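Below: the structure, in structure tokens.
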Amino acid sequence: MTIAAPAPETDLTTAAPDDEITPEETSTPRKRAWPGHILMAVISLAAAVYVCQGLWAAPYRNVVAENVSDQGQFEWMLSYGVYMLQHLSNPFFTDLLNAPRGVNLAMNTSSTFYAVVFAPLTHFLGAQVTFAAIMTLNLAGSAFVWYLFLRRWLVRSGLAAAVGGLLFGFSPGLVSHANGHLNWTSGWMVGIVAWWVLKLPERDRWLRNGIVLGLLCTMGFSVAAEALFFAAQASGLFLFVWLLSRPGLRQARAAIKPVLLSLSVTAVVAGTLLAWPLYMHFAGPLKFSGTGFGMRQFSEDLVAYAAFPLRSVAGMFGWGADLAPNATEATSFLGVPLILLFFVALALLWRRSSRERRVTLRALSVVALLFFLLSLGPRLKFLGEEHADIPLLYALLTEVPLFDSALPVRYTLVVVVVFALVIAMLTDEVVRSDGLIPSRTGRIVAGVAIVAALVPIAPLPVRTMERSAEPVFISSGHWQDYVSDNGVITSLPLSSEVSVDMMRWQAYTMARGGDKLFRMPAGYWLGPRDYTEAGRHDTGRLGPPERPTAKLLYRAARWGNMPKLTNLDRAQARVDFAYWKVEAIFLPDHVTGPKGDLNRDALRQVTTQLFGEPEQVDDVLVWPIRPGVDPVDQWGEV
């Protein structure tokens, strides 16, 4: 017994194990299903390439325009995989960033799985190509895995499974996360984990199933820990609702022993493999509590569910709505037609379903409802305005461990999974002459309705823009003339959320391999607000606690501020650069910001006031620094 089945007469809870499937349980024998699988794989990959076409057009220059910083951060993480394998370094802590303190990678989106698996590609073609490849495969893989999931567990029609898989894999939520998030586009990972959860009741395979699920959870923790947390909540809630029914209790008696045995093995395997990263996350150096992002800001707007996304067919005609926290977190935007179709589908499926399938529909509805409420965050947001006087469900969870580190808006992706499952089940009925819509005319009308609901949210390609190229000063290795072994160097301004260029230069140097590498101050990552014991218990922040000279350079780059500097400013700079142990700073021809180039001229003038005239080296301006000595005071100032 399992909790899934590909027929309306049975259910998500009554299919036989793989070796017990009969010909009646599927509309085509397995050997005849392969052409459909191959066609779906090709369609999914083509659609993913279409969405990511801007990255593939010029992978070494183009960057996702809506999230320049996150792409740079992920490229750093991917390159660190090459460095980690070459030097057998710590996968969960590094001092290459944020010199001299370092960064707790276990509390960041380290993506160790991707970094290791794709290390050869990163080494030979660069982190830029690896990023584009993973993003493309994530979208295609999400659609394809959920297509296979539906074919195996819920529907008989390959077309119905394809509709559900494509709906989720290229939903507004996943496509919006294609603006820089390798973790949240990994919907394939959740599909595989869910697939293996459904296999746990197999009586004679509890050991194998437990080991495999433990390995999958370990992989999922590295790929997208927050998504795995959501998957665990959704699975637990679904099973809880299902087990409250008579069919559920009846089957639980037969399945309880293999399920408990499998989960015990899963706990041992996953607990052993994740002991180190979990320790680093919850008790390691430079830990913090919660997240650096505001839950109330990153909550779903109630109207966003019924609106169309900006980057969609509907948005192309001006029907999109700007109600998301940012372009990367536009996770709902299902549109009124699809929402209406979803409720109609639930009603139609309920009429024709067996008792078991009704239990499944009820469980899916409860999951969708609860995750919808969670996605709205701690306070109601309506048409872009927060109503602070209307608390919601998540207000009870803001201080609860794990929940305090999750962003409510992302719970919407679970709702989208339920939509995909239900729409696939409806499509399965529509394409069958013996389905719940017996007349041909009715099936045609239903088919048109499904198409009309899905076409408006069909995605447009992710927007890209050009960013600064890697300086010859870095790629040629000339930087080694200005820095001691494992010394500290930085470009201007210091890396932060606004500019991750220096992290990129370090990433590309790591990806090429070799024994020589530099460290850098600051960076774009999540860390504690301060380095005291209190900071371990406070919410985190992006980057390190700011130092005055870093702020000075930031203001020059971002807003062009060029104040007249005094010896007091230079004294502070000496303290700051001595703290960072910086041996040289340099300024490329172009400095990438979140929407285009930052102010290079202002950076040059401010830095020249501190250190004097620079020297031209290759295609950058270089200021060598004697730590603790430079900048030298200037007398006779007005």
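Whenever a residue of region 245-262 is closer than 15 Å to Arg355 by Cβ and aliphatic (A, V, I, L, M), its partners that are in a helix (DSSP H, G or I) and modelled with pLDDT of 80 or more, lying with C-beta atoms within less than 7 angstrom and at least six residues away or across chains, give the pairs Leu249/Leu243.
Considering Trp525, Trp505, which residue is touching a residue at least 24 places away in the same chain (Cβ under 8 Å) and closer than 30 Å to Ala406 by Cα? Just a single option satisfies the conditions, and that option is Trp525. Within region 469-489, restricting attention to residues that are in a loop (DSSP other than H, G, I, E, B) and surrounded by fewer than 18 Cβ atoms within 10 Å (Cβ to Cβ), which residue is nearest to the chain's Cα centre (by Cα)? Checked region 469-489; the qualifying residue nearest to the chain's Cα centre (by Cα) is Ala469.
Just to be sure I understand the filter: pairs with C-beta atoms under 6 Å, separated by 6 or more residues or on different chains, first member in region 276-295 and at positive phi, second member hydrophobic (A, V, I, L, M, F, W, C). Which pairs pass? Nothing qualifies. If you check Asp11, Asp70 for being modelled with pLDDT of 95 or more and either surrounded by 15 or more Cβ atoms within 10 Å (Cβ to Cβ) or in a loop (DSSP other than H, G, I, E, B) (or both), only one passes: Asp70. In region 142-156, how many residues are at pLDDT below 95 and open to solvent by less than 10 Å² (accessible area, probe 1.4 Å)? Here the count works out to 3. Any residue that is surrounded by 14 or more Cβ atoms within 10 Å (Cβ to Cβ), touching a Gly at 6+ places or on another chain (Cβ under 8 Å) and closer than 21 Å to Gln73 by Cα - is there at least one of those in region 561-578? Looking through region 561-578, none of the residues is surrounded by 14 or more Cβ atoms within 10 Å (Cβ to Cβ), touching a Gly at 6+ places or on another chain (Cβ under 8 Å) and closer than 21 Å to Gln73 by Cα. Quick one: would you say Thr266 is crowded, with 19+ Cβ neighbours inside 10 Å, outside any helix (DSSP H, G or I) and either among the acidic types (Asp, Glu) or at pLDDT 95 or above (or both)? In short, no.
Quick check: is even one residue across region 593-600 more than 37 Å from the chain's Cα centre (by Cα) and loosely packed, with under 15 Cβ neighbours inside 10 Å? Within region 593-600, not a single residue is more than 37 Å from the chain's Cα centre (by Cα) and loosely packed, with under 15 Cβ neighbours inside 10 Å.
Based on what the data block shows, is Ala99 within 17 Å of the chain's Cα centre (by Cα), among the small types (Gly, Ala, Ser) and either assigned to a helix (DSSP H, G or I) or buried (at least 19 other Cβ atoms within 10 Å of the Cβ) (or both)?
Working: within 17 Å of the chain's Cα centre (by Cα): no; among the small types (Gly, Ala, Ser): yes; either assigned to a helix (DSSP H, G or I) or buried (at least 19 other Cβ atoms within 10 Å of the Cβ) (or both): yes.
When the stated conditions are applied, Ala99 does not pass them.
Please go through region 297-314 and pick out each residue that is more than 30 Å from Ala388 (Cβ to Cβ) and under 23 Å from the mean Cα position of the chain (by Cα). Residues satisfying the conditions are Arg311, Ser312. Residue pairs whose Cβ atoms lie under 6 Å apart, separated by 6 or more positions or on different chains, with the first residue in region 604-631 and surrounded by 18 or more Cβ atoms within 10 Å (Cβ to Cβ) and the second in a helix (DSSP H, G or I) and of a type in the set (Asp, Glu), do not occur. When region 406-464 is filtered for residues that are farther than 30 Å from Gln297 by Cβ, among the polar types (S, T, N, Q) and at pLDDT 95 or above, only Thr427 remains. Restricting region 343-390 to residues that are of a type in the set (S, T, N, Q) and either modelled with pLDDT under 95 or open to solvent by 60 Å² or more (accessible area, probe 1.4 Å) (or both) leaves a set whose member that is nearest to the chain's Cα centre (by Cα) is Thr360.
When region 109-141 is filtered for residues that are over 30 Å from Gly540 (Cα atoms), without any contact (Cβ under 8 Å) to a residue 60 or more places away in the chain and either open to solvent by 20 Å² or more (accessible area, probe 1.4 Å) or among the hydroxyl-bearing types (Ser, Thr, Tyr) (or both), the ones remaining, listed by number, are Pro120, Leu121, Phe124, Leu125.
One residue is enough: does region 426-433 have a residue meeting the conditions among the β-branched types (Val, Ile, Thr), open to solvent by 10 Å² or more (accessible area, probe 1.4 Å) and not in a helix (DSSP H, G or I)? Scanning region 426-433 turns up at least one residue that is among the β-branched types (Val, Ile, Thr), open to solvent by 10 Å² or more (accessible area, probe 1.4 Å) and not in a helix (DSSP H, G or I).
The values are calculated or read from the model by the stated rules, or taken from the named source; none is laboratory data. A quick note: this is a predicted structure, and the numbers were derived from the prediction, not measured. All Cβ positions, even for glycine, are placed from backbone atoms using ideal geometry, and neighbour counts span all protein chains on display. Only protein heavy atoms, including side chains, enter the accessible area calculation; ligands, DNA and RNA are left aside. Shrake-Rupley method; radii C 1.70, N 1.55, O 1.52, S 1.80 Å.
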